[in-house]
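Working notes for the structure below.
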Amino acid sequence: MLLLALGPGLMWCGEYIGSGEVILSTRSGAIFGVSVLWVPVMAIVAKFWIGLAGAHYTVTTGEGMIDMMGRMPGPKNWVIWPVFFCQACSASISTAGVASAAGAFGAYFIPVSPVILGWIAVLAVIAVVWRGVFASLKQAMSLLVLFIIVGTVAVAIATWPGTGAVLHGLFGFQLPEPPAWALADGQSVSPWKELLPLLGWAAGGFASQVWYTYWVLGAGYGMAKDQGYGKPMDADKLKTLTQEDVKNLQGWRKLVTLDATTAVVLGVLVTLAFMIAGAGVLGPKELAPKGPEVALELSHIFGTQWGTFGAGLFVLAGLAAMLSTMMGQFAGWPRLLADCVRLLAPATKRWTWKAQFRVFLIAIAASNMLIIYNSGKEPVKLVQFGAKLDGLLLTPLQAIVVGWVLYKVMPTFFAPEHRKALTPGPLLAIGLASAFLIFGFFCVSKMGEMF
């Protein structure tokens, strides 16, 4: 029964096991080997605390992370304004990057321009998300994604560099210079130009942590039961919780902790497998996935072990991973932007939530068409730019705001006798502070190398 209850974390994990792992992790592994395994693992663990804190808040109050951030003290909506503008740009660029990658993967099988196939991918995913009936399709693609994960793990085992090398890559905190062949291929001298996108999209970016609270809402955990999307919490209900209600919420928070922990463990293992496979297969061939030939270069991961059939299976499963990620993005970003607008412009409340969702869905699709037309032949560059924009700029702000609201604002929602029981322990606060310091450091010290 416990496994049946787990779900939001698996959706969270499935959404970011796409371009972040298939492209960015394998590319970094090919260029740097296993010496930089610490980079994505550090990012995943740091973001885990942000996602978990948001899920605890949603379970306890019944509202998502954007509403949570809107409750930060200070000038009204001072957090929501930068979130809206930055995420509007991220939604357009990031989804276009993944769609361009999907077009490149599709071109492996169909002799059509990757730009045209990228457009088709956008329209197909929009049609599915618009109707909201994508369970069967999602399951089929999840099976293919499972193939690529299992296959990549098998390749990582076959090309295992040794336990000592892996441990050194995890805890040695090395930062090697890019090899000469990568520099000749257009790689910047600074290793951070390559590693910042990996840092940004390991475990997803800012938006992925927000979406995790949406998946908790959809699952109906705790106070999210029957709440639905696009609604603030029921303040009167929270004030009148009984002792039994408090115990139930504590149980739901334990469940969501297990759910998020499962997701982070899977995310770490899958990311490590892709990096090790990239180091073991692509590195010796001096191949770093890039440009419209990204699918062909990535196909070597399975092709080396299982020939032409394996290469084709990798590309097919990679295409499924891109489409699956797009579904998560197109289901999540319109929700995020609609929540922002609901707070910034209360008059829009007269529109139904579904209408607001679809307006942003159309806007993102239109922007995708333009971006893919202009830059669709460089899917890796688009993915890297989207990863930095979504995964780095706002993450320090996200960590500190989520922590402040969770510990300083949320307790005031409840009767005095329940506040201590519904306030999370210090471990979560330490995790959020660590995430703020880690991503704050990179945002300040590496700002010049981000764009």
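The values are calculated or read from the model by the stated rules, or taken from the named source; none is laboratory data. Here the structure is a predicted model, which means the values were calculated and not measured. With ideal geometry, Cβ positions are generated from the backbone for all residues, glycine too; neighbour counts draw on all protein chains shown.
Some values worked out for this structure:
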| read-out | value |
| --- | --- |
| Qualifying residues in segment 221-249 (those that are in a helix (DSSP H, G or I) and touching a Leu at 6+ places or on another chain (Cβ under 8 Å)) - the one farthest from residue 340 (Cα to Cα) | 246 |
| Residue 41 vs. criteria touching a Ser or Thr at 6+ places or on another chain (Cβ under 9 Å), assigned to a helix (DSSP H, G or I) and surrounded by fewer than 24 Cβ atoms within 10 Å (Cβ to Cβ) | yes |
| Residues that are surrounded by 14 or more Cβ atoms within 10 Å (Cβ to Cβ) and under 17 Å from residue 65 (Cβ atoms), drawn from segment 223-237 | 223, 224, 227, 229, 230, 231, 232, 233 |
| Unique residue being more than 17 Å from residue 407 (Cα to Cα) and at pLDDT 95 or above when the list is 36, 22 | 36 |
| Residue within segment 160-180 that is part of a loop (DSSP other than H, G, I, E, B) and either closer than 28 Å to residue 316 by Cβ or under 23 Å from the mean Cα position of the chain (by Cα) (or both) present | yes |
| Test: residue in segment 332-351 that is farther than 25 Å from residue 216 by Cβ, more than 15 Å from the chain's Cα centre (by Cα), buried (at least 17 other Cβ atoms within 10 Å of the Cβ) and at pLDDT 90 or above | no |
| Segment 165-182 residues that are under 20 Å from residue 284 (Cα atoms) and acidic (Asp, Glu), paired with ones that are loosely packed, with under 12 Cβ neighbours inside 10 Å and modelled with pLDDT of 90 or more (beta carbon under 6 Å, 6 or more apart) | none |
| Condition met for residue 385 (closer than 18 Å to residue 129 by Cβ and part of a helix (DSSP H, G or I)) | no |
| Of residues in segment 438-451 being over 20 Å from the mean Cα position of the chain (by Cα) and surrounded by 11 or more Cβ atoms within 10 Å (Cβ to Cβ), the one nearest to residue 400 (Cα to Cα) | 441 |
| Residues of segment 358-382 that turn out to be in a helix (DSSP H, G or I), surrounded by fewer than 22 Cβ atoms within 10 Å (Cβ to Cβ) and in contact with a Lys or Arg (Cβ under 9 Å, 6 or more places away or on another chain), as a count | 3 |
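Residue-wise test of (1) part of a helix (DSSP H, G or I); (2) in contact with a Lys or Arg (Cβ under 9 Å, 6 or more places away or on another chain).
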residue	(1), (2)
277	yes, no
281	yes, no
284	no, no
297	yes, yes
304	yes, yes
307	yes, no
310	yes, no
315	yes, no
320	yes, no
